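Report on one structure; see the data block that follows.
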Amino acid sequence: MNVNSQGSGATIAEWHPEDESFWQSTGSRVAYRNLWISIPALLCGFAVWGMWGIITVQMLNLGFPFTQAELFTLTAIAGISGATMRIPASFLIRLAGGRNTIFLTTSMLLAPAIGTGIVLQHPDWPLWSFQLMALWSGVGGGNFASSMSNISGFFPKRLQGTALGLNAGIGNFGVTTMQIVIPLVMTVPLLGAFGGDSMTLVKDSGWILGKIAAGTPTWIQNAGFAWVLSLVPLSALCWLGMNNLKTVSPHTGGTIVAFLKITYLYTIAFVPAIFMLWLYLPAPTGLGVLSMWVAIPLDIILALTVMKLAAFGDMKEGVAKQFAIFRDKHTWSLTALYIVTFGSFIGFSMVLPLAITVIFGFQHLPDANGVLQHTLKNPNAPSALTYAWMGPFIGAAVRPIGGWISDKLGGSIVTQVISAVMVVASVAVGYVMMQAYGSATPEEYFPMFLGLFMVLFFASGIGNGSTFRTIGVIFDRSQAGPVLGWTSAVAAYGAFVAPVVIGEQIKAGTPQLAMYGFAVFYALCLVLNWWFYLRTNAYVKNP
């Protein structure tokens, strides 16, 4: 193996994982070392990105002076920021190298972690300060695209489903880890005098072992500060143990130049996200002139345009080459299919805690005119923080299994089965939500609601692995990484769509319509998957 020194780590000049002798003698050891370091770094990225789904629940329990609708915007902002950041992240590995990218983007997570810890100590601060931290946490969402693109380059095609399933699946445990760790660390003065004062719960809260009673002192700022303890050593491990592949990243330009490219592209990615959110969010934050369905395509187009126009030097050529993926029809079909799987996983992960709180935390009783009211606290309400972690845990746990099964049976047949399951489960969840939101005792419907959501998470987790397997087989090594990044970027908008759609429908009193709408989309993608990959004359048969 030809290795050229670069900084305190190494760039590998020759890499041939499809050569069995190379893989057995050298490739396997190096590839798996990079994978095992990549996984915890990605886990922390998911944790920082997804933490606002839990933080908003606790802000509600602590009596922060914001409405439920305003709290839903925090999870939505984090979601769209992370999705937007994935667009430049899709191209970072080729432009800057795997080791350089994973080290720097992992280190970048320190800023939103510390910033969030600071603003949460000040409930009297304006809403925009919390929205800014939610926006900044999107860096963690962006890291997924670069991480998957990086790992794809290390492994042979026959192991793509397994390797990418492990990286994404265990990495996705960041959502579950966050949902378990944050409620726990909020109960203790984690950093002592340096961590700030506690606040007092106004409403009952909880964690995985049960309810936490109102009146309990709570250090909500630890939701941000806790990740610093893992990010510092992880960043060092990325720098010391990972590699750049010269065959994948031919023109990084040296470590400092690579860092500047990453910082530059990530910084300009915030421009379209902020502009779109300004047009989308209602006053006083924004103008409120766009619907979500206009805002998302506009954000994607602006992000791609800004990145292409802003590229210069060797970046310009590298970006132009990667844009070639948009001329391939499979890029677009697999983008839709990945929305079904990962888009559902991350969207439901973001929205489930607050949805449990709003639907099951109140008694839904008619007033004198027969109009349902949703303001009386339900004394038998389940704690969102006790149960919400289960779905992301299941989805992440089965993701490597989905990749492994797809390596054996083919990716598209697995995608077809899980799409059918998700159609049925979405309709069933919608019906149960409708029943619960019209009941004075909604907790009676909670076991069914939770069980059906677990089915959705299970199916989406299996499908995550199957879709990545399909991408790894259809595209060559130079294009598979960017396609993986691109599809994950678009699917990540699920973290924006789900909180907005479900939040709006809850406010309108028809939460079931959100789930029925998702079911229709899943059904359309089931047909798309059959047409492209399973019919007799499919473009590529069950890749």
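The values are calculated or read from the model by the stated rules, or taken from the named source; none is laboratory data. Just so it is clear, the structure is predicted and the values come from calculations on it, not from any experiment. Positions of Cβ are generated from backbone atoms using ideal geometry, with glycine treated the same way; all protein chains shown enter the neighbour counts. Note: areas computed on protein heavy atoms with side chains; ligands, DNA, RNA excluded. Shrake-Rupley method; radii C 1.70, N 1.55, O 1.52, S 1.80 Å.
Listing for the model above:
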| quantity | calculated |
| --- | --- |
| Segments classed as helices (runs of 4 or more DSSP H), wholly inside the range 44-122, with at least 3 members that are in contact with a Pro (Cβ under 7 Å, 6 or more places away or on another chain) and open to solvent by less than 10 Å² (accessible area, probe 1.4 Å) | 52-61, 68-96 |
| All positions within the range 506-517 that are more than 24 Å from the chain's Cα centre (by Cα) and part of a helix (DSSP H, G or I) | Lys507, Ala508 |
| Answer from Ala83, Ala31, Ala78, Ala69 - the residue that is in contact (Cβ under 8 Å) with a residue 40 or more places away in the chain and either acidic (Asp, Glu) or farther than 22 Å from Gly169 by Cβ (or both) | Ala69 |
| Subset of the range 518-540 that is in a helix (DSSP H, G or I) and loosely packed, with under 15 Cβ neighbours inside 10 Å - its residue that is farthest from the chain's Cα centre (by Cα) | Trp531 |
| Selected residue (only one of Leu234, Leu184 is modelled with pLDDT under 95, within 30 Å of Leu35 (Cβ to Cβ) and under 26 Å from the mean Cα position of the chain (by Cα)) | Leu184 |
| Some residue of the range 510-517 being of a type outside the set (Lys, Arg) and without any contact (Cβ under 8 Å) to a residue 40 or more places away in the chain | yes |
| First in the range 382-396 and farther than 16 Å from Ile212 by Cα, second anywhere and among the hydrophobic types (A, V, I, L, M, F, W, C) and open to solvent by less than 10 Å² (accessible area, probe 1.4 Å), Cβ under 6 Å, 6 or more apart | Gly391/Leu352; Gly391/Phe453; Gly391/Phe457; Pro392/Val175; Ile394/Phe457; Gly395/Phe345; Gly395/Phe457 |
| Answer from Leu450, Leu385, Leu365 - the residue that is surrounded by fewer than 24 Cβ atoms within 10 Å (Cβ to Cβ), hydrophobic (A, V, I, L, M, F, W, C), touching a strand residue (DSSP E or B) at 6+ places or on another chain (Cβ under 8 Å) and not in a loop (DSSP other than H, G, I, E, B) | Leu365 |
| When residues of the range 116-135 are limited to those that are aromatic (Phe, Trp, Tyr) and touching a helix residue (DSSP H, G or I) at 6+ places or on another chain (Cβ under 7 Å), the one farthest from Thr73 (Cα to Cα) | Trp125 |
| Tally of residues being in contact (Cβ under 8 Å) with a residue 60 or more places away in the chain, hydrophobic (A, V, I, L, M, F, W, C) and open to solvent by 60 Å² or more (accessible area, probe 1.4 Å) across the range 202-242 | 6 |
| Tally of residues being modelled with pLDDT under 90 and either surrounded by fewer than 24 Cβ atoms within 10 Å (Cβ to Cβ) or not small (Gly, Ala, Ser) (or both) across the range 453-469 | 4 |
| Whichever residue in the range 370-382 is open to solvent by less than 70 Å² (accessible area, probe 1.4 Å) and assigned to a loop (DSSP other than H, G, I, E, B) and, among such residues, is farthest from Phe173 (Cα to Cα) | Gly370 |
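A quick yes/no check of all residues on (1) out of contact with any Leu (no Cβ under 6 Å at 6 or more places or on another chain); (2) closer than 12 Å to Ala41 by Cα; (3) open to solvent by less than 10 Å² (accessible area, probe 1.4 Å); (4) at pLDDT 90 or above:
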residue: Asn150; (1), (2), (3), (4): yes, no, yes, yes
residue: Phe154; (1), (2), (3), (4): yes, no, yes, yes
residue: Lys157; (1), (2), (3), (4): yes, no, no, no
residue: Gly161; (1), (2), (3), (4): yes, no, yes, no
residue: Leu166; (1), (2), (3), (4): yes, no, no, no
residue: Gly171; (1), (2), (3), (4): no, yes, yes, no
residue: Thr176; (1), (2), (3), (4): yes, no, yes, no
residue: Ile180; (1), (2), (3), (4): yes, no, no, no
